1. Which length gain, in nm to one decimal place, applies between E128 and D13 when the Cα-Cα distance is subtracted from 0.36 nm times their residue separation?
2. In whole Hz, what ³J(HN,Hα) sequence does region 147-157 give by Karplus (6.51, -1.76, 1.60; θ = phi - 60°), x for Gly and Pro?
3. Would you tally the net charge around S8, using a Cβ to Cβ cut-off of less than 10 Å, leaving S8 out, and scoring K and R as +1, D and E as -1?
4. Quick one: which of 82-88, 155-161 comes out on top by average Cβ neighbours within 10 Å, and what's the full order, highest first?
5. Taking every pair of Cα atoms in region 1-84, average 1/r, invert it to obtain the Kirkwood radius, and report Rg/Rh to two decimals.
6. Starting with the highest mean, order 9-16, 176-183, 22-29 by the number of other Cβ atoms within 10 Å, averaged over the residues of each peptide.
7. How are the alpha carbon pair distances in the chain distributed across 10 Å bins from zero to the largest one, expressed in percent?
8. Ranked highest first by the average count of other Cβ atoms within 10 Å around their residues, in what order do 48-61, 162-175 fall?
Amino acid sequence: MNRPDLRSPWVFDTRELVRRPGMMHELSRTFALPEDVGTVVISMKAGSPVDLEARLESVVEGVLVTGSVSGRATGACVRCLDPVDRAVGGRFQELFAYADRMAHRHEVGDDDEDDDEHEIVADLIDLENVARDAVVPSLPFKPVCRKDCPGLCSECGIHLAEDPGHQHDSPDPRWSALSKLLEADPQEKRN
């Protein structure tokens with residue numbers, strides 16, 4: 001496994017906790033997000049501030065990390081394409097295991113554990129994937145600027161919120177054959 005980059009705001013040093021069950025540290029960090037976190041429709045943008053709170057507890061297996069991550073997500077309304085700005089966040093709790101404990105688990109064939117195992121590498125833990133997994137599910141699947149957003153007109157694209165009575169007087173194309181009969185000359189019908 002690659003050694004986490006200590007310059008990353010997601011990486012924490014656990015040297016004071018390692019192999020000392022019962023020890024605990026509470027940490028708080030606010031930093032500019034290094035890259036986007038989210039979906040194509042709505043995400044926490046790179047450079048936006050993120051608050052990370054974490055409690056690191058030393059346990060026999062490794063370090064148990066409990067915490068939360070929060071920030072602001074921006075995107076576009078799926079109905080009218082106006083900007084959307086929402087406070088988002090999520091909570092997480094993950095065990096970062098010691099390398100020897102992970103190796104032992106694999107040796108004894110303990111495959112019942114999650115495939116998403118986290119390991120302490122060189123006394124460092126990287127919370128980036130854990131934080132992403134906490135935030136992304138909290139993002140709205142279909143963000144809207146407001147709950148009753150009427151969207152855009154499917155014919156001309158006008159914001160229906162600006163003109164609630166907006167409509168187009170175009171006949172239903174299924175009736176076009178009948179409208180041709182109405183337009184026909186009455187003299188032709190008699191002959």
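The values are calculated or read from the model by the stated rules, or taken from the named source; none is laboratory data. Note that the structure is predicted; figures quoted are calculated from it, not measured. Virtual Cβ from ideal backbone geometry, glycine too; neighbours counted across all protein chains shown. With ligands, DNA and RNA removed, areas are computed over all heavy atoms of the protein, side chains included. Shrake-Rupley method; radii C 1.70, N 1.55, O 1.52, S 1.80 Å.
1. Value of the extension gain: 40.0 nm.
2. Karplus values, whole Hz, x for Gly and Pro: 4, 9, 4, x, x, 10, 5, 6, 9, 10, x.
3. With Lys, Arg at +1 and Asp, Glu at -1, the neighbours total -2.
4. 82-88, 155-161
5. Expressed as Rg/Rh, it is 1.12.
6. Sorting 9-16, 176-183, 22-29 by mean packing, highest first, produces 9-16, 22-29, 176-183.
7. 8, 24, 21, 14, 10, 8, 6, 4, 3, 1, 0
8. Ranked by mean Cβ neighbours within 10 Å, highest first: 48-61, 162-175.
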